[in-house]
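**Q** Below you will find the structure I want to go over with you.
The values are calculated or read from the model by the stated rules, or taken from the named source; none is laboratory data. A quick note: this is a predicted structure, and the numbers were derived from the prediction, not measured. When we count neighbours, we look across all protein chains shown, and the Cβ atoms used for this are built from the backbone with ideal geometry, even at glycine.
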Amino acid sequence: NAGVTQTPKFQVLKTGQSMTLQCAQDMNHEYMSWYRQDPGMGLRLIHYSVGAGITDQGEVPNGYNVSRSTTEDFPLRLLSAAPSQTSVYFCASSEGGRWTEAFFGQGTRLTVV
Amino acid sequence: AQSVAQPEDQVNVAEGNPLTVKCTYSVSGNPYLFWYVQYPNRGLQFLLKYITGDNLVKGSYGFEAEFNKSQTSFHLKKPSALVSDSALYFCAVREADSSYKLIFGSGTRLLVRP
């Protein structure tokens, strides 16, 4: 059982480049989300989706784009990378409902130079 | 909007001693609270959650958490700490609206010394 799979694990980008962080889950979870983790700031929500075809913004959405064409996949696109987007990115999924715990991927460490 | 506060950046404890990692919350309506642990270079792992019922919730790896509605707290506890418990711990709360957003605290680093 793979759970939540993120690729790549590490990435270095130049300022202005674009890229897509991939996230896939095999648990048929309705809810998926992207977080970024920065020292001393915990995890901040970037975008989330409550089902295929439905996405919405979280706390820090600027500079990122998402889509959810299938239940399994929830890619995160960086439109024009900036050094401020240097961070560790985590994808998570959960069943619908407030009582359900989230399952996290292993993370993508992104450096923008 | 819901929020979570973890007032301690780091907690130091000797192996074998009890540990407490503090968390306070602010929610509208009934709280749905979670604790996660993150080991170095890993994703977050679920430890335990409070939904309703008993105020003492038991979870993985011998951890438990005490829910206190009057103090709006959900502190993580373990009777006897292990060096292997050293990690980053996050408290989280689900939004009360239909977004089901999971909001995290800033994290507390637990260091258990031999």
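**Q** Can you name the condition, by its number, that B:Val83 falls short on among (1) crowded, with 17+ Cβ neighbours inside 10 Å; (2) over 18 Å from A:Ala102 (Cα atoms); (3) β-branched (Val, Ile, Thr)?
**A** With (1) crowded, with 17+ Cβ neighbours inside 10 Å; (2) over 18 Å from A:Ala102 (Cα atoms); (3) β-branched (Val, Ile, Thr) applied to B:Val83, the lone miss is (1).
**Q** Related question: Which numbered condition trips up B:Ser28, out of (1) assigned to a strand (DSSP E or B); (2) within 14 Å of chain A (Cβ to nearest Cβ); (3) among the polar types (S, T, N, Q)?
**A** Result: B:Ser28 passes all but (1).
**Q** Being more than 10 Å from every other protein chain (Cβ to nearest Cβ) and either without any contact (Cβ under 8 Å) to a residue 24 or more places away in the chain or part of a strand (DSSP E or B) (or both) is the filter here; which residues of segment B:85-107 pass it?
**A** Listed by number, the residues that qualify are B:Ala87, B:Tyr89.
**Q** Next up: If you check B:Phe67, B:Phe104, which single one turns out to be under 11 Å from the mean Cα position of the chain (by Cα) and more than 23 Å from A:Phe104 (Cα to Cα)?
**A** B:Phe67
**Q** If you don't mind, another one. Determine which member of the set A:His29, A:His47 is not in a loop (DSSP other than H, G, I, E, B) and not polar (S, T, N, Q).
**A** Result: A:His47 is the single residue among A:His29, A:His47 that is not in a loop (DSSP other than H, G, I, E, B) and not polar (S, T, N, Q).
**Q** So, one more: Filter segment B:48-77 for residues that are closer than 19 Å to B:Arg94 by Cβ and either in contact with a helix residue (DSSP H, G or I) (Cβ under 9 Å, 6 or more places away or on another chain) or among the hydrophobic types (A, V, I, L, M, F, W, C) (or both); which is modelled with the lowest pLDDT?
**A** B:Ile51
**Q** Tell me yes or no: at least one residue of segment A:52-64 is touching a residue at least 12 places away in the same chain (Cβ under 8 Å), within 14 Å of another protein chain (Cβ to nearest Cβ) and hydroxyl-bearing (Ser, Thr, Tyr).
**A** yes
Conditions (1) surrounded by 13 or more Cβ atoms within 10 Å (Cβ to Cβ); (2) among the β-branched types (Val, Ile, Thr); (3) touching a Lys or Arg at 6+ places or on another chain (Cβ under 9 Å), marked per residue:
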{"residue": "B:Val11", "(1), (2), (3)": "yes, yes, yes"}
{"residue": "B:Tyr32", "(1), (2), (3)": "yes, no, yes"}
{"residue": "B:Val37", "(1), (2), (3)": "yes, yes, no"}
{"residue": "B:Lys78", "(1), (2), (3)": "yes, no, no"}
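**Q** Being in contact with a strand residue (DSSP E or B) (Cβ under 6 Å, 6 or more places away or on another chain), more than 10 Å from chain A (Cβ to nearest Cβ) and in contact (Cβ under 8 Å) with a residue 24 or more places away in the chain, is that true of even one residue in segment B:40-54?
**A** So far as segment B:40-54 goes, no, none of its residues is in contact with a strand residue (DSSP E or B) (Cβ under 6 Å, 6 or more places away or on another chain), more than 10 Å from chain A (Cβ to nearest Cβ) and in contact (Cβ under 8 Å) with a residue 24 or more places away in the chain.
**Q** Check whether at least one residue in segment A:81-101 is within 28 Å of B:Thr52 (Cβ to Cβ), more than 8 Å from every other protein chain (Cβ to nearest Cβ) and not in a loop (DSSP other than H, G, I, E, B), and report yes or no.
**A** The answer is yes, given that some residue of segment A:81-101 is within 28 Å of B:Thr52 (Cβ to Cβ), more than 8 Å from every other protein chain (Cβ to nearest Cβ) and not in a loop (DSSP other than H, G, I, E, B).
**Q** Could you pull out the residue among A:Ala24, A:Ala52, A:Ala81, A:Ala92 that is among the hydrophobic types (A, V, I, L, M, F, W, C) and modelled with pLDDT under 95?
**A** A:Ala52
**Q** Being among the hydrophobic types (A, V, I, L, M, F, W, C) and touching a Leu at 6+ places or on another chain (Cβ under 6 Å) is the requirement here; does A:Leu110 meet it?
**A** no
**Q** Another question about this same structure. Among (1) surrounded by 14 or more Cβ atoms within 10 Å (Cβ to Cβ); (2) more than 9 Å from chain B (Cβ to nearest Cβ); (3) of a type in the set (S, T, N, Q), there is one condition A:Thr70 misses while meeting the rest; what is its number?
**A** (1)
**Q** Next question. Let me confirm something: among A:Thr55, A:Thr20, A:Thr111, A:Thr71, which residue is among the hydroxyl-bearing types (Ser, Thr, Tyr), touching an Asp or Glu at 6+ places or on another chain (Cβ under 8 Å) and farther than 23 Å from B:Gln6 by Cβ?
**A** Going through A:Thr55, A:Thr20, A:Thr111, A:Thr71 in turn, the sole match is A:Thr71.
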